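Structure first, then comments.
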Amino acid sequence: MPKPAPAAGQTGPGVPTQGQGWPDGLRHVLPKLQPELWVFGYGSLMWDPGFAHAEALHARVYGYHRALCLLSVRNRGTPERPGLVLAMDRGGSCHGVAFRVPAARQAAALDYLWEREMYTGAYRPVGATTRLADGRRVTALAFVARPDHAQYCRTASAEHAARLVVQGHGSYGRSLDYLRHVVRHLDALGIDDGPLHRVLACAESLDDCPVAMPPP
């Protein structure tokens, strides 16, 4: 079981926004994640989990799909010219990698994941129905987009998404370089994500063109 989080209202690195602490943020999810803790990665967690794990298997989550649906106003963009980054959105399914965390490492893994994923409050933790490559079914911890968050952005088309990707440049670099990196790693893992390939192809074609702000 995870150790207690900072109290509501406390500030500092890794403390969730809106006064949401460990008990509030994970109380509804933790019972579903026992006796084993599995964590589902659909983006950078797949190749850079950052926490100790005993197993890593290709897996498929049901009820959510991978999407470029979060505006990046710091790492891959600015408030004036936001970029676009991945999250999981409601509906469909998503191929990724599931990690089993041994009991002795669960508290450390959850602390790390909370700090990594929840600092903006744009995600919410869920227990996602997951089928592992070996046929087992588990409930895995996943971080999905919050549609009520200011950074949530459901793009109207691949071109709309591509324009956001091309314009974004933040403290970590370009949103376009982020997307190239994601697609390259997905291909290396044998995960075919057609929609991301379409956005990338469109973004590559726009990269040398003047970029106007997309419609809201």
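The values are calculated or read from the model by the stated rules, or taken from the named source; none is laboratory data. None of these values were measured; they are calculated from a predicted model. Ideal geometry is used to build each Cβ from the backbone, glycine not excepted, and the neighbour counts take in all protein chains shown.
For region 76-132, give me each residue that is hydroxyl-bearing (Ser, Thr, Tyr) and closer than 28 Å to residue 165 by Cα.
In the first step, residues of region 76-132 are kept if they are hydroxyl-bearing (Ser, Thr, Tyr); the result is 78, 93, 112, 119-120, 123, 129-130.
Within region 76-132, 78, 93, 112, 119, 120, 123 qualify.
Results for (1) of a type in the set (Lys, Arg); (2) farther than 20 Å from residue 177 by Cα; (3) at pLDDT 95 or above, shown as yes or no for each residue.
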residue	(1), (2), (3)
67	no, no, yes
71	no, no, yes
78	no, no, yes
81	yes, no, yes
89	no, yes, yes
94	no, yes, yes
102	no, yes, no
147	no, yes, yes
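Look at residue 100 and say whether it is under 18 Å from residue 73 (Cα atoms), of a type outside the set (A, V, I, L, M) and in contact (Cβ under 8 Å) with a residue 24 or more places away in the chain. Outline the logic, then answer.
Working: under 18 Å from residue 73 (Cα atoms): no; of a type outside the set (A, V, I, L, M): yes; in contact (Cβ under 8 Å) with a residue 24 or more places away in the chain: yes.
It is false that residue 100 is under 18 Å from residue 73 (Cα atoms), of a type outside the set (A, V, I, L, M) and in contact (Cβ under 8 Å) with a residue 24 or more places away in the chain.
Can you tell me which residues in region 145-187 are surrounded by fewer than 22 Cβ atoms within 10 Å (Cβ to Cβ) and touching a Phe, Trp or Tyr at 6+ places or on another chain (Cβ under 6 Å)?
If the condition is that a residue be surrounded by fewer than 22 Cβ atoms within 10 Å (Cβ to Cβ) and touching a Phe, Trp or Tyr at 6+ places or on another chain (Cβ under 6 Å), then 185 is the only one that fits.
If you take the residues of region 113-153 that are outside any strand (DSSP E or B) and among the aromatic types (Phe, Trp, Tyr), which of them is nearest to residue 199 (Cα to Cα)? Write out each step before concluding.
Of the residues in region 113-153, the ones outside any strand (DSSP E or B) are 113-122, 133-136, 146-151, 153.
When the remaining residues are screened for being among the aromatic types (Phe, Trp, Tyr), the result is 114, 119.
Values: 114: 29, 119: 27 Å.
The selected residue is 119.
Quick one: is residue 156 part of a loop (DSSP other than H, G, I, E, B) and hydrophobic (A, V, I, L, M, F, W, C)?
On the way: part of a loop (DSSP other than H, G, I, E, B): yes; hydrophobic (A, V, I, L, M, F, W, C): yes.
Yes: the conditions hold for residue 156.
State whether one or more residues within region 125-143 are without any contact (Cβ under 8 Å) to a residue 12 or more places away in the chain and closer than 19 Å to residue 53 by Cβ.
The initial filter retains those residues of region 125-143 that are without any contact (Cβ under 8 Å) to a residue 12 or more places away in the chain, namely 135-137.
Adding the requirement that they be closer than 19 Å to residue 53 by Cβ leaves 136-137.
Yes, region 125-143 has at least one match.
Out of the residues in region 74-85 that are surrounded by fewer than 19 Cβ atoms within 10 Å (Cβ to Cβ) and in contact (Cβ under 8 Å) with a residue 40 or more places away in the chain, state the one that is nearest to residue 44 (Cα to Cα). It would help to see each step written out before you state the result.
The first filter runs over region 74-85 and keeps only residues surrounded by fewer than 19 Cβ atoms within 10 Å (Cβ to Cβ), leaving 74-75, 78-81.
Filter once more, so that each one left must be in contact (Cβ under 8 Å) with a residue 40 or more places away in the chain: 74-75, 78, 81.
Details: 74: 17, 75: 14, 78: 21, 81: 23 Å.
Here the answer is 75.
Being charged (D, E, K, R) and modelled with pLDDT under 95 is the requirement here; does residue 134 meet it? Give the derivation first.
Numbers: charged (D, E, K, R): yes; modelled with pLDDT under 95: no.
Answer is no for this residue.
Applying the selection to region 104-118, what residues are surrounded by fewer than 19 Cβ atoms within 10 Å (Cβ to Cβ) and in contact (Cβ under 8 Å) with a residue 40 or more places away in the chain?
105, 107, 108, 111, 112, 115, 116
Filter region 119-133 down to residues that are touching a Gly at 6+ places or on another chain (Cβ under 7 Å) and surrounded by 19 or more Cβ atoms within 10 Å (Cβ to Cβ) and give me whichever is nearest to residue 145 (Cα to Cα).
Initial filter on region 119-133 (touching a Gly at 6+ places or on another chain (Cβ under 7 Å)): 119, 125, 128-129.
This time we only want the ones that are surrounded by 19 or more Cβ atoms within 10 Å (Cβ to Cβ), so: 125, 128.
Working: 125: 9, 128: 13 Å.
This residue is 125.
When only residues in region 105-145 that are among the charged types (D, E, K, R) and over 20 Å from residue 95 (Cα atoms) count, which is nearest to the chain's Cα centre (by Cα)?
Pass one, region 105-145, residues among the charged types (D, E, K, R): 105, 111, 115-117, 124, 131, 134, 136-137.
Still in the list and also over 20 Å from residue 95 (Cα atoms): 105, 111, 115-116.
Working: 105: 21, 111: 16, 115: 13, 116: 10 Å.
This residue is 116.
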